[in-house]
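Note sheet for the following structure.
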Amino acid sequence: MSTKVKKAESTEVVIKDVNKMTVPECAAYLEKSTDTIYKMARAKELPHYKLRNNYYFQKRFLDRYRERQQEVIMEQIEAKWQLEIEVN
């Protein structure tokens, strides 16, 4: 199953295997640069596995990562609203 993702430079990256996405495929999927993906993987911020010197990512774990990030953002927004309500 392959998935096409557009990169910022308006070129398409074809994700050949969602269970073994490469850094460029992951970058296209998350709409980030490859440098950012490498930094996040090295800092263990992104779920990944490494074979030899290559980083690989699975779509289902990246989707969970995105969901958690959205939850954190929503919690921060709710906390800010709650603080504003208490102040007023």
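The values are calculated or read from the model by the stated rules, or taken from the named source; none is laboratory data. What you are looking at is a predicted structure, and each value in this text was computed from that prediction instead of being measured. So basically every Cβ, Gly included, is an ideal-geometry build from the backbone, and we count neighbours across all protein chains shown. Please note that ligands, DNA and RNA were not included when accessible areas were found on the heavy atoms of the full protein model with its side chains. Shrake-Rupley method; radii C 1.70, N 1.55, O 1.52, S 1.80 Å.
Pull up region 18-33, narrow it to residues that are at pLDDT 80 or above and not in a helix (DSSP H, G or I), then point me to the one that is most open to solvent (accessible area, probe 1.4 Å).
Step by step, filter region 18-33, then rank; the result is Glu31.
Condition check ((1) in a helix (DSSP H, G or I); (2) surrounded by 10 or more Cβ atoms within 10 Å (Cβ to Cβ); (3) touching a strand residue (DSSP E or B) at 6+ places or on another chain (Cβ under 7 Å); (4) among the aromatic types (Phe, Trp, Tyr)) across all residues:
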| position | (1), (2), (3), (4) |
| --- | --- |
| Asp35 | yes, yes, no, no |
| Lys39 | yes, yes, no, no |
| Glu45 | no, yes, no, no |
| Tyr56 | no, yes, yes, yes |
| Phe61 | yes, yes, no, yes |
| Arg66 | yes, yes, no, no |
| Gln69 | yes, yes, no, no |
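Here's a check for you: in region 1-10, which residue that is assigned to a loop (DSSP other than H, G, I, E, B) and open to solvent by 70 Å² or more (accessible area, probe 1.4 Å) is modelled with the highest pLDDT?
Of everything passing the filter in region 1-10, Ser2 is modelled with the highest pLDDT.
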